[in-house]
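Participant: Sharing a structure below in structure tokens format, with a few things to ask.
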Number of protein chains: 2
Amino acid sequence: MEIFIHEVGLRDGLQMESEPVPTITKLQWTETLVEAGIDIIQLGSFVNPKIMPQMADTDELFQEIKPKKNGKTKFSGLILNEKGFERALKADVDLICMGVSASETHSKKNTGMSVSEALERIVNIAKEAIKLGKDIQVSVQSAFGCGYEGEIPEERVFQICERYFSEGINKVSLADTSGYAFPQKVERMYSRLQKMNPDAEFACHFHNTYGLGMVNTYVAMQNGVKYIETAFGGLGGCPFTKQPSGNVCTEDFVYMLQKMGLRNDINIGKIISVTKYACGFFVKDLPGYVYKIWREQ
Amino acid sequence: MEIFIHEVGLRDGLQMESEPVPTITKLQWTETLVEAGIDIIQLGSFVNPKIMPQMADTDELFQEIKPKKNGKTKFSGLILNEKGFERALKADVDLICMGVSASETHSKKNTGMSVSEALERIVNIAKEAIKLGKDIQVSVQSAFGCGYEGEIPEERVFQICERYFSEGINKVSLADTSGYAFPQKVERMYSRLQKMNPDAEFACHFHNTYGLGMVNTYVAMQNGVKYIETAFGGLGGCPFTKQPSGNVCTEDFVYMLQKMGLRNDINIGKIISVTKYACGFFVKDLPGYVYKIWREQ
């Protein structure tokens, strides 16, 4: 089984923290994650810095990391629209990530567009990126349910993916934005997608809202998902509530992989050192388990 | 799939809390768990109250709960030796639980006996219980690894179970005392045990030390395990460290079951009310996820 880690803590983790992390600190964390042997690191999103000041230095981060590239770790960035796409092209992002929500309400609130309008826009950007020879990953947000709408018809998710596939976009991530996924649904949806397009590569992105992030990730792996999006320390909880809706924790997931005989090339101690630094930085515990009991041997 | 919840919070949860819970409070929690529709509730262990004052009222709890039995929920108690067995008989325990550790070091520290000595003793008690028509469950502690010894040969666990089976003891629980289990091992061990004795009924007991409790429980279910031992709120962390080694959280597990269309007869809100009361009682958050965001609908 071939599994790749896509570390999203610097983007999905930090955008939820009210305290912005200085660029120099982000770079230290990134370099340590590179040393750990993480496959893909999402450095940030190309969004309006006035709306999301935590991501204001995304362009700079890509600039700074360039001389430190080792040819092994790739760096991804998230874009929401054409303006972000232009910035991502300038920043020479290795993997450009973009997506639409399967929920009309979520889509309207996030983009001001309906799902079908947003899909047209993203597909156009994706096609342009492919034409330029860029590596891209498209996602379906709220793929397993929506915090506003509740249940989302699975057919709607499949229709969005069908559109992606028909445009030759073959790297697709399902994001469980609200943490509503559960094992049977994960199995059902990925196995259906595999049948729809056996050539596609799938990613998963689970949140731990109801404590099911790890089991959902495991079931996704068992159903052919190769790219696992996680965040060091399980970062990602909303800063305004006690709701522990963080991402699946990178080092906890790597711990499980290594127990299963997979990815022994990854240095889990290095990931943990980033988590511990982040705990100190935010002056709080993070939701991960392994870092709390890890002793370097 | 038939799944039964064995709630161990009042025993495995409370024995780790330095603050003893008054009998009246334990009874309130128990009655609410009965109302929730929990299948088996472990009220405590029959141990020396000088060594474990948190369990000093186990006999009294069984006495108090007797008039409130509804014929649906069973009440279990843990025994370590003949003296505990006598007390359990007097208390009219529905399901008497006992076990041995697969780790020599753990066995010596816990019982002063080697694994084989402890096994003889437990088997003798179990046979006596069966003769008296009592329902019993035997366990193998440290079945997936040991905090002192590390790896435990799987053959040793199978030998202990083989001995149980050969004595006609068919209800067997594997306990991951130190939280070392991981999905492949869980699958391997339970599928082997099923083959050894297709008539046996299996239970699992996972701790969340490395964040894998829920995924291990899920994999156990997939491999025919019917009895799932969990604790409300995920109680069970050691009070002397920050190590979050609690049990799998009952309401989180029930939440997953219900998403899978199972056990919709259980009232999750009632379990959550016990967890919230316990958070207040101990003046701390517990590790569970679902109770933190639950809103009664």
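Participant: At most 11 other Cβ atoms within 10 Å and a DSSP loop assignment: could you name the trypsin sites (Lys or Arg not before Pro) in segment A:23-87 that fit?
Facilitator: Filter output for segment A:23-87: A:Lys50, A:Lys72.
Participant: Once the label point is set 7 Å along the Cα-to-beta-carbon vector, what list of distances in nm do you get between A:Glu120 and its counterparts in the other copies?
Facilitator: 8.3
Participant: Using a 10 Å cut-off around each Cβ, can you sort A:Phe182, B:Phe165 from fewest to most neighbouring Cβ atoms?
Facilitator: B:Phe165, A:Phe182
Participant: Moving to a separate point now. Per DSSP H run of at least 4 residues, take -39500 (n - 2.57); add these up for the protein assembly as shown, divide by its residues and hand me the 222 nm value, nearest 500 deg cm²/dmol.
Facilitator: My calculation for the protein assembly as shown gives -12500 deg cm²/dmol from helical runs alone.
Participant: Follow-up. Let me make sure I get this right: for segment A:169-297, a, b and c are the square roots of the gyration tensor eigenvalues over alpha carbons, sorted descending. Under 1.5 in a/c it's rounded, otherwise prolate if a/b > b/c, else oblate. Which is it?
Facilitator: oblate
Participant: Cβ neighbours within 10 Å, averaged per peptide: list A:259-268, A:141-150 in order, most packed at the top.
Facilitator: With the highest mean Cβ count within 10 Å placed first, the list reads A:141-150, A:259-268.
Participant: To the nearest 0.05, what FRET efficiency results for A:Ile130 and B:Glu154 with a Förster distance of 56 Å applied to their C-beta separation?
Facilitator: It comes out at approximately 0.70.
Participant: Please figure out what share of the DSSP beta bridges in segment B:94-206 is antiparallel and state it in percent, rounded to the nearest 5.
Facilitator: 5 percent
Participant: How many nm is it between the label spots at B:Gln28 and B:Lys195, if each spot is 7 Å from the Cα in line with the beta carbon?
Facilitator: Computed distance between label sites B:Gln28 and B:Lys195 equals 5.2 nm.
Participant: Here is a further query. Between B:Thr105 and A:Lys83, how high is the FRET efficiency from 1/(1 + (r/R0)^6) when r is the Cβ-Cβ distance and R₀ = 60 Å? Nearest 0.05.
Facilitator: That gives a FRET efficiency of 0.45.
Participant: While we're looking at this one, here's another question. Taking a label point 7 Å from Cα toward Cβ, how far is A:Lys72 from its twins in the other copies, in nm, shortest first?
Facilitator: Listed shortest first, these distances are 5.7 nm.
Participant: What is the spin-label model distance, in nm, from A:Gln258 to B:Asp39 if the labels are put 7 Å beyond Cα along the C-beta direction?
Facilitator: Result: 3.6 nm between the two label points.
Participant: Still on this structure, I have one more. Here are some pairs, A:Lys284/B:Lys270; B:Lys74/B:Lys109; A:Lys131/A:Lys171; which of them have Cα atoms lying more than 22 Å apart in this structure?
Facilitator: Over 22 Å apart, Cα to Cα: A:Lys284/B:Lys270; B:Lys74/B:Lys109.
Participant: Calculate the FRET efficiency for B:Lys66 and B:Ile293 from the Cβ-Cβ distance with a Förster distance of 56 Å, rounded to the nearest 0.05.
Facilitator: Computed FRET efficiency for B:Lys66 and B:Ile293 comes out at 0.95.
Quick note: the coordinates plus some simple rules give every number you see, no bench work behind them. Given the structure is predicted, the values throughout are model-derived calculations rather than measurements. In this analysis, Cβ positions are derived from the backbone assuming ideal geometry, glycine residues included, and neighbour counts consider all displayed protein chains.
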